[in-house]
Structure formats: C-alpha cells, structure tokens
1. Which residues, counting only those in the range 74-88, are buried (at least 17 other Cβ atoms within 10 Å of the Cβ) and either more than 15 Å from residue 412 (Cα to Cα) or out of contact with any His (no Cβ under 9 Å at 6 or more places or on another chain) (or both)?
2. Considering the range 265-296 alone, what residues qualify as being farther than 16 Å from residue 347 by Cβ and surrounded by 14 or more Cβ atoms within 10 Å (Cβ to Cβ)?
3. I need the full set of residues from the range 450-473 which are closer than 19 Å to residue 57 by Cβ and touching a helix residue (DSSP H, G or I) at 6+ places or on another chain (Cβ under 6 Å), in order please.
4. Looking at the structure I just gave you, is residue 145 assigned by TED's automatic domain parsing to the domain that holds residue 414, among the small types (Gly, Ala, Ser) and closer than 23 Å to residue 22 by Cβ?
5. Would you mind stating whether residue 100 is over 26 Å from residue 443 (Cβ atoms), surrounded by fewer than 13 Cβ atoms within 10 Å (Cβ to Cβ) and touching a strand residue (DSSP E or B) at 6+ places or on another chain (Cβ under 8 Å)?
6. Give the number of residues within the range 311-342 that are under 18 Å from residue 368 (Cα atoms) and either outside the structural domain of residue 353 (by TED's automatic domain parsing) or open to solvent by 20 Å² or more (accessible area, probe 1.4 Å) (or both).
7. Name every residue in the range 141-161 that is in a strand (DSSP E or B) and more than 9 Å from ligand 1 (Cβ to nearest atom), in order of residue number.
8. Could you list, in sequence order, all residues of the range 400-457 that are among the hydroxyl-bearing types (Ser, Thr, Tyr) and either touching a strand residue (DSSP E or B) at 6+ places or on another chain (Cβ under 9 Å) or closer than 24 Å to residue 541 by Cβ (or both)?
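The values are calculated or read from the model by the stated rules, or taken from the named source; none is laboratory data. Quantities reported herein were computed from a predicted structural model and do not represent experimental measurements. FYI the Cβ positions are ideal-geometry reconstructions off the backbone, even for glycines, and counts take in every protein chain you see. Note: accessible area is taken over every heavy atom of the protein model, side chains too, but ligands, DNA and RNA are not part of it. Shrake-Rupley method; radii C 1.70, N 1.55, O 1.52, S 1.80 Å.
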Amino acid sequence: MRLSKSFVPTLKEVPNDAVVASHVYMLRAGMIRMLSAGIYSFLPLGYKVIKKISQIIREEMDAIGGQEFHLPGLNPREIWEETNRVDAFGDTMFHIKNREYILAPTHEEIMTFHARNVLKSYKDLPQIWYQIQTKFRNEARPRSGVIRGRQFLMKDSYSFDATAEELDKSYSLHDKAYRNIFDRCDLKYFVVGASSGAMGGTGSEEFMVKSDAGEDTVAYCEHCTYAANVEVAQSKILPNKRSEFSSELKEISTPNVKSIDELCAFLKIDESQCAKSRVYIHDDIPLLVLMCGNDEVNETKLEKVLGGKIRPAHLEELKEITGADAGSIGPLGFKGRIIVDNRLKDANNLYSGANKNDYHIGGIDMNRDANKPEYFDLRIVKSGEECPNCNNKLEVFSAIELGHIFKLGTKYSSAMGANFLDESGKENPIIMGSYGIGVERVMACYIEQHHDENGIVWDSVLAPFQIQLISLNMKKPEVVEASENIYNELTANGIDVLFDDRIDAQAGFKFKDADLLGMPFQVIVGEKKLKDNKVEIKIRKSGERFDLDINELMSNIKKLLKS
Ligand code: ATP
Ligand code: MG
C-alpha cells in the first residue's frame, strides 16, 4: 500500500482527553477517529488489525467445532422480555424510540430463540454457535478509547449441551481456544476465576490483562498464577496473636482523634492493636463491622456473608445508632450484630472507639467484651501479602477483561422454553454456556503491552504491514527507481508492505511516522547508501540498524520475517 494514496492521518500531538497509551496511539497512528463519546470509526489501517484479530478468532473457534452466525443487532424487544433482561440491563440498553426494538448488548436471547426452534433432541446436541458482531451498550462512562465503547465488536459464542458433563467439555474447549487466541496475538494475560455474578450459572473465568486503563482490581501471584478479583481475593495474612493476659478495660480521653493512624500516633501503638469500626445497614437493621487496623471492609464479601444488599450508615445515622460520631465508635455496648474480620479472632488488648465522642477504650478482649462476635474473612487484600496458594507475594493491580467464559446452565433455556428430549424421552432445558471476547479490546491491550515513547511496536502477526518501506527522497530519480523496484519485489513475494512514497514529506518526518505506526521492520532507501548498492534496515522493537546489499535484500528479508 502506498502512503501517498492512503488515508492514514497521523497526528504529531497527543489528542485532548486521550490518556491511556492505546487510545493515544490508535488516534495518533490514524487507526481510529471518535464520532461521539464512546463511538469510534475504524480507519483502514486500524481495521486491518481488527480483521487480523477476527481471523485468528475464527480459526480457533472453527477448530473447536464452532459454527459462525451473523445475528441482527436490531432486536424486537419482546424476546428480551422473556428473560426479564430489558429491566436487568436498564439504562445500559439502547431503545429505539417507540421502545418496540432494542439494540442488542449481547445475544443470549437471540441464540436461545434459534436453539428453541431447532434443537429438539439430544441427537441435535452438542452445538457451538458463534459470531463476530457489533454490540451496543449505553455505558455510563465510556473511556480509554475503544476499551470501553458504546458500540463494540464482540466474538460471542454459545454452547448447547444435554448434560453438565457435556457443558464442562464445551467450556474447556473454549478455555483452550481462548488461550490459543491470546497466545497467537502475543498478549500477556492471566485467568481469574470469577464468582458467578449476575448472569447466573456455575463457574466462570475471566481472561484479564494488567493495565492502568483497567477498571477491575485483581490480586495476582506471578509464582503460582493465583489470580482473583479483589472482591473475592484472599491472602495468608495471619490473625493477631492473643496475649497471655487480658488487661482491664480502660477509657482513654482522645480529643480530636478520629482515624486509626491518629489513634496509633496518639497512643504510640501499632495499628494491629486497633479494631476499626464500620456501621452498615442490612435489611434496615444496623450492624457493626470490626476490622483490624487500617484493613478495609470488602463489601462484596460482607454481602455474601449476610445475604443481600448492605449500605454504610449515613454520618447522620451514626450518632443515633451508637451514641457517637464516626471516629469514636466501637463494640462495647453496641446493640446489634457484631461481624468481625478473622484477623481479630480471639484477639485481646485491643483499642477501639468508646461510643462516646473523643473517647476510646483500651484492653478490649473480643472473647470477654464483645457481644457474640461472628468471624468471617472480610478484608480487601493488599499488595505484598502472602499468596493463599503458595509462599510468594501477591500483587494487587488494575486490569482489563479481555474475555469471559461462563457456564450459564439453564437460565436462558428455562426462561425461554428451549427444551430437548433426552435419551429416555424426557423433556429438559438445554444446558448452555456463553463466551465473549472484546475484539477492539484485544487490539487496544496489544498496544498497551507493545509500545514505547515513539509509538506502537508491532512485533507479531497483528502488525498491519510487515514492512514499512521508506523512500527518503522521491525527487531523486535513482531513489525513486530503487524504491519502486524494492516495493514491487517485496509485494511480488507476498510481503505486506506499507510504502512511504510521499513526495513532499521530509526524511525526519517519515522516520517519526514509521516509528509511530510501528511496523516490525523498516527498509530505508536513501541516496548515499544506494551508491554502494545498499539499503538500511531498522528493527522497530530493538532499534537495531544495519545495511543490506540490494541484491541480497529479498533473501535476508525473508529470514528476518521468519525470525
Ligand atoms: P466489563 O466488566 O468490562 O464491562 P462485561 O463483563 O460487561 O465487561 P461481557 O458482557 O462479558 O463484558 O462481554 C464480553 C467481552 O466484551 C468482555 O470481556 C470485553 O472484552 C468486551 N466488552 C464488554 N463491554 C465492552 C465495551 N463497553 N467496550 C468494548 N468491549 C467491551
Ligand atoms: Mg460491562
């Protein structure tokens, strides 16, 4: 492809409001343009990458017996009513004005609709149906470019099985396919076992990559690959040691001491000696949560323990519930359930609020002084704590979800009446799985992981072109002739070349653009080296440069591409 005739509008400056590297470089390299918030157009260079990713996904989905569909994005609303998901999606779902149509945010319902009409017998199962197709979600905060868009491409697949064992097979086929896809795309990823969330079913895993653009926080152990969303992550942190003797309770005047850090500084004690109090409301009833020192309450864990939604008590409610304001609350005399993190199990000689403003109490013995404490793991794990599976350290960081595999069970088939007759002639709902990959996210995450200060560093099969051929002077006939010959020879050999044949662009500008676009190899044709019948090669990733004799160019390039 000739740059002189192509639409690759590169930008010198970092565009406004682009923060994460992939967003910046996809804009600067002329791969995407924003149409409106969360809605992006892919320009030819960017779309070339999307097609390459899609091709890899297709090959791996076909390899596990997937059959490709193409479902409509415009759906009659009534099908979505069958599973109550119009309500479940709420504002995230786009409605066509008269509300009889919606724009599909995913396709469980539509695939189940087709399954219900055709998969009637166990003999029709198993099936894996997939598509690579546009989804619409009215994301409240579209951000980081195509990483969270309001319209995006998803590979979504759905498995239909007769038994739980068969579902396990479809699920592990997808697991393998996903690993192949992300490996082939040269992505460094890890897999998080998620608690089966709002979609229902049993067992699900998320394929994640570490990234500042991520909106999930995960705990990860490099050593044993333990990975968990912090909402459920655990660590091997030990409970406080119980001292041999419990001291007497003593009330201590602590004027203006509110936080655990202030209390520790004031009393010259360690934070592990403090029981931090948090009041929550569950089913309209207040309860007290006690955490060790500065540990934070993991509200997801707390909700799991209590069953149902909780909310922190409002500041105005605290006084009424405990007799004190935030900063002076504690377990002594608290009327209601006291839920305590495992780190404080059987602990004694603790300090906590006195339920009286500006006072704390020392010498608290959980066994002696707290009213029926109930112990659970309630903490948010922190970086540096010991991995629950091995002896190495956990790292806590932000991450992006690339893909998701999910055992749906019979949630959709039951709701929609997609039943089949089993071998004994009995009618059962089909057992389903659903599996998604964000195609644009794969591209953005690749760039997140493969760039430097000058631009993108394509170093894999995803590169839009294998070579950028740079002619340093299109006004000198001998340079033009040599560059054209090289271009023709490379393309004749099936190599995908982006030829910078722009007449008016300066050499420095062409070099900058080549680094920004980031093709794996640059072939630079200039007047000086041509005199010795040579061209210069630059390897984008290492920055290494060397000369090659034009006569031996083809064979050497082939070797380079193989490497
Ligand atoms: P997230 O938690 O990031 O919102 P999700 O759980 O809503 O993701 P799924 O419904 O499982 O995502 O969709 C499957 C895949 O589609 C995700 O793993 C992700 O790669 C991609 N995806 C989801 N939402 C978006 C979006 N708004 N923009 C781009 N890709 C998305
Ligand atoms: Mg989402």
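1. 75, 79, 80, 83, 85
2. 266, 267, 278, 279, 280, 281, 282, 286, 287, 296
3. 462, 464
4. Criteria met by residue 145.
5. Details: over 26 Å from residue 443 (Cβ atoms): yes; surrounded by fewer than 13 Cβ atoms within 10 Å (Cβ to Cβ): yes; touching a strand residue (DSSP E or B) at 6+ places or on another chain (Cβ under 8 Å): yes.
The answer is yes for residue 100.
6. Number satisfying all stated conditions: 6.
7. Selection gives 143, 157, 158, 159, 160, 161.
8. Taking the range 400-457 as the starting set, the residues that turn out to be among the hydroxyl-bearing types (Ser, Thr, Tyr) are 410, 412-414, 424, 434-435, 446.
If the condition is that a residue be among the hydroxyl-bearing types (Ser, Thr, Tyr) and either touching a strand residue (DSSP E or B) at 6+ places or on another chain (Cβ under 9 Å) or closer than 24 Å to residue 541 by Cβ (or both), then 410, 412, 413, 414, 434, 435, 446 are the ones that fit.
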